[in-house]
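Novice: One structure is given below, represented as structure tokens, and several questions about it will come after.
Only the coordinates and a few stated rules stand behind these numbers; no lab work does. For clarity, every value in this text was computed on a predicted model and none was experimentally measured. Note that each Cβ is placed from the backbone with ideal geometry, even for glycine, and that neighbours are counted across all protein chains shown.
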Amino acid sequence: MTLLGQPHHDGSRVYLDSGRGPDTSPELGDLVTLRVRTDPTDPVEEIWIRTTYDAEPVFHPMLRHDDGTWWHGTISVHSPVTHYRFLLCRGAIQQWLTGAGLVDHDVPDAYDFKVSAFPDAPDWSRDGIIYQVFPDRFARSEAADARPTPAWAVPAEWDDEVIFEPADPRTPLQLFGGDLDGLTEHLDHVAEVGADIVYTTPVFPGESNHRYNASTFTRIDPLLGGDEAYAKLSAAVHERGWRILGDLTTNHTGDTHEWFVTAATDPRSPERGFYYFRDGGHYETWMGHSTLPKLNHADPALRAKMVEGPDSVVARWLRPPFELDGWRIDVANMTGRLGAVDLTHEVARAVRRTTEAERADALVIGEHNHDATGDVDGDGWHGAMNYSGFSWPVWSWLRDPGSPARAFGRPVPVPRRDGHALVRALQDWQGTLGWRATSNGWNILGSHDSARIRTVVGSAAVHRVAAGLQFTMPGVPMVFAGDEIGLEGVLGEDSRRTMPWHRRDSWDHDTLATYSALARVRREHVALRRGGLRWAHVSPDAVAYLREHPEGTLLVIARRAGGPAIADLPAGDLVLSTAEIDAEPGAASSGPVLTIHRLH
């Protein structure tokens, strides 16, 4: 049996009907209709839905349609996040169909499909394309020349080489002087890439080029142009009908932050409880960095200042004149966690409540470079930056064995694995995260914290295949500024190279055109934004999958190397190719390529 002939279900609209209209979440107590597709030649005799009511397994029968392909059944959304799976019976042979695929043995509930009664992420975020900007390295306006260099900084010219070794004390201090007006002046380039959501790393003052060590949350860094420049950027973004996201460190502040300075100098101050002080004036930090003291969310006064209510930091910047559309929360996986203390979900819910009280359609995304399972099911983060469930599997499949790129947080290089391992990893993560969290998560090929994708894969052709996966897999593409023109970097700090605006002859214009085309196709075809995912082919060097939606289905074929024709793929019209080919689906290829086809 081919892959397309295998039983299939996912949480997309084709396979789950909430009863409340397209792409609308059910509410507690609603009955939802679930569908399973099987091949007419499959001898399956019965399918049962297994769900759990208050942790007790319950089975519901499914009915088969007359066409022999579709089965349907209903379950109640009994819990805020209701789990379910399917039991397929073929005589004495039984299989489970789970979020991670078919298995012929009993598996834990971690891989169950999930349906959530909590409101989903806003439509604009699920349909959008994010462009990430590291302000110090993106663009420098003329006004930046008049600003004095602070005493803590190591000044650099725009074309200077980046100091990127973590052990070098100059790495976080090297200042190139990019500012917010520079970003505003280059929004046409963001439009050319095809993005419509601008996300900047922190813009609050901090004694570093990355600004994750904020010295205050009450104003924008004057080195970036101050409050006026931020309001101007927000207005320019919104005039285009786009959205803008901020970056907030709810896990820590800088050691020069006004709260911490007071806490450190006055043990009797209310701010003392904002942090974790020990005997002798020692304090908890992020990963041992003394400049990043950790916030104590068990303190009600800290929560009121930071995340709860209209007077909090979270709320303030969502109001005019800045009008942020939401937040990316830095180190969301560690926020509120310290040893036996685990307040992460409480903090996430508080941030979500506060943002939605200010803006009903606000977005809250958590940085999670590990396993976000369990942190994105409910009424906290809408989704996460999906490193584990997207970035690392794609890196492993497309990595050039000779690449100097350094592994992200690992003591050894990222391994090179084949297409079977790629698909297994993507299925496992989709199964554990759930369909909605996967769809809301950010598909990332690289960020300011990782090596550049061009350095990882080693060639423009494979880079374009990676971009094709980024724009056609379930999830929201996040492009780190410079990826689209082929910038390189062996690790996160090296990836923070300046944009060469004055050296456009150094750009990879063909790759920029590919990003633009991928953004256009994603915007034109709802299947790439809201459709399900069904695997059609897996081999070491090639994978193919369908993105299914009632308004149309697309076939995506990705090859990391040339290879023979692929049999048993459905026919369709070519929509886009990342290489100069005009081939039928599955035709032989002489090199790396990703193609998208509209099925007949």
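Novice: When DSSP assigns beta bridges and you keep just the ones with both residues in the chain, what percent turn out antiparallel, to the nearest 5?
Specialist: In the chain, approximately 75 percent of DSSP beta bridges are antiparallel ones.
Novice: Filter the trypsin sites (Lys or Arg not before Pro) in segment 181-250 to those in DSSP coil with at most 16 other Cβ atoms within 10 Å of their Cβ, and list the result.
Specialist: Arg219, Arg240
Novice: Please give the net charge around Ala167, taking every other residue with its beta carbon less than 14 angstrom from that of Ala167, where Lys and Arg add +1 and Asp and Glu add -1.
Specialist: -2
Novice: Can you tell me the dipole magnitude for the chain around its Cα centre, using point charges on the Cβ only (Lys, Arg +1; Asp, Glu -1), in Debye to the nearest 20?
Specialist: It comes to approximately 460 debye.
Novice: Right, next: Are there any chymotrypsin sites (Phe, Trp or Tyr not before Pro) in segment 148-253 that are in a DSSP loop and have at most 14 other Cβ atoms within 10 Å? List them by number.
Specialist: In loop regions of segment 148-253 (DSSP not H, G, I, E or B), the sparsely surrounded chymotrypsin sites (Phe, Trp or Tyr not before Pro) are Trp152.
Novice: Suppose every K and R has +1 on its Cβ and every D and E has -1 on its Cβ; what is the size of the dipole of segment 344-421 about the Cα centre, in Debye to the nearest 20?
Specialist: Dipole size: approximately 420 debye.
Novice: Sort segment 532-599 into rounded, prolate or oblate with this rule: let a ≥ b ≥ c be the square roots of the eigenvalues of the Cα gyration tensor; rounded if a/c is under 1.5, and if a/c is not under 1.5, prolate when a/b is larger than b/c, oblate otherwise. Before the final figure, lay out the partial values.
Specialist: On the way: a/c = 1.94, a/b = 1.44, b/c = 1.34.
Prolate, since a/c reaches 1.5 and a/b exceeds b/c.
Novice: Measuring from label point to label point, each 7 Å out along Cα→Cβ, what is the Leu63 to Asp127 span in nm?
Specialist: 3.5
Novice: Output needed for the chain: three equivalent-ellipsoid semi-axes, defined as square roots of 5 times the C-alpha gyration tensor eigenvalues, in descending order, whole Å.
Specialist: 41, 30, 21
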